[in-house]
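Notes follow the structure.
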Amino acid sequence: MRGILTIAYLTWIEARRRRIVLAAVLGGLAFLVVFGVAAFFIHRGITSSPEPVNLVQMRIGYQFMTLAGLYVVNFLTVGLAIMLAVDTLSGEIASGVMQTLAAKPIRRGEIVLGKWLTYWLMTAAYLLLLAGGIYLVMRVFAGFEQSGMARALPLMLLAATVMLTVSIAGGVRMTTITNGIVSFAFYGIAFIGGWVEQIGTFASSAAAHYIGTAISLVSPADAMWRAATFELLPSIMRGLPITPFALGSVPSTAMIVWAIGFVVAVLALGVYLFGRRPL
């Protein structure tokens, strides 16, 4: 455990030195500023309109805007998770830094786990910053409180954790560029699989539904976002095909457990392969 914490601390220092944290925070704050300006003017336009305000339609509109913001937050968090880890092993192996680090009295598995822990904490903090910002913007500027955040955020973090772990494990054997391409392709497969499953459900196509489910089992990141969306939507809007966030098929608890097991298995595989890789 001490070796893991040592590697985690060194990884944090390196991330600060390379200004990864600063770039992520500034990018996230810029997104929140744009979203806040949009929310302010949209709310002012609605409330200052001479036409009578339909409160139901207004709430649906605010719900849609909040989900759109959180959808972008989910994508940015997943992207950050991939990019944080994409170079952490392959880059240090290629530069020769890893040979020096592995020569110290620290197990190779502790190197992988220490780096994973640091990047996971950074990813969680980034998600909390952006999702919390969306919640506060909508509450302050539009008077809209998004429910279900406490249940949805862990699922969004699990989606990012899946991709972080894939990126970490990929860096054991692949070069940085190859690992980045494969990791984003892996997420793209999950994204398409989710849409295939939803469209298949709405179209009553059992084949498409099962194909999408199978893809989600192979790449469960997008399924976690859909599970989070279910927690964010009001019960009256769940399953209604009136927005791009409508759900025809909701990931089950078994899928969530599968995603957790997927993270554990892929991380264990990365530790195993790194222990056998010649440096």
Take LEU121 and tell me if it is more than 26 Å from PRO234 (Cα to Cα) and either surrounded by fewer than 21 Cβ atoms within 10 Å (Cβ to Cβ) or in contact with a strand residue (DSSP E or B) (Cβ under 8 Å, 6 or more places away or on another chain) (or both).
yes
Would you point out which residue out of ALA150, ALA131, ALA125 is assigned to a helix (DSSP H, G or I) and either in contact (Cβ under 8 Å) with a residue 12 or more places away in the chain or not aliphatic (A, V, I, L, M) (or both)?
ALA131
Just to be sure before I move on: is GLY143 over 16 Å from the mean Cα position of the chain (by Cα) and at pLDDT below 95 in the structure I sent?
yes
Within the range 1-50, residues closer than 27 Å to PHE144 by Cα and among the aromatic types (Phe, Trp, Tyr) come out as PHE31, PHE35, PHE40, PHE41
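Okay, residues lined up against (1) charged (D, E, K, R); (2) under 26 Å from the mean Cα position of the chain (by Cα); (3) surrounded by fewer than 17 Cβ atoms within 10 Å (Cβ to Cβ):
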site	(1), (2), (3)
LEU10	no, yes, yes
LEU26	no, yes, yes
SER48	no, no, yes
ARG59	yes, no, yes
TYR62	no, yes, no
THR66	no, yes, no
ILE82	no, yes, no
Which of the residues belonging to the range 166-191 are assigned to a helix (DSSP H, G or I), of a type outside the set (Lys, Arg), more than 23 Å from ILE260 (Cβ to Cβ) and modelled with pLDDT under 85?
THR176
Helices (runs of 4 or more DSSP H) lying entirely in the range 1-90 (those with 2 or more residues that are of a type outside the set (Phe, Trp, Tyr) and touching an Asp or Glu at 6+ places or on another chain (Cβ under 6 Å)):
2-17
In the set GLY270, GLY194, the lone residue that is at pLDDT 80 or above, in a helix (DSSP H, G or I) and of a type outside the set (Asp, Glu) is GLY270
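The values are calculated or read from the model by the stated rules, or taken from the named source; none is laboratory data. Computed from a prediction, not measured in an experiment: that's the story for all the values here. Because the Cβ atoms are built from the backbone with ideal geometry, glycine has one as well, and the counts that use them run over all protein chains shown.
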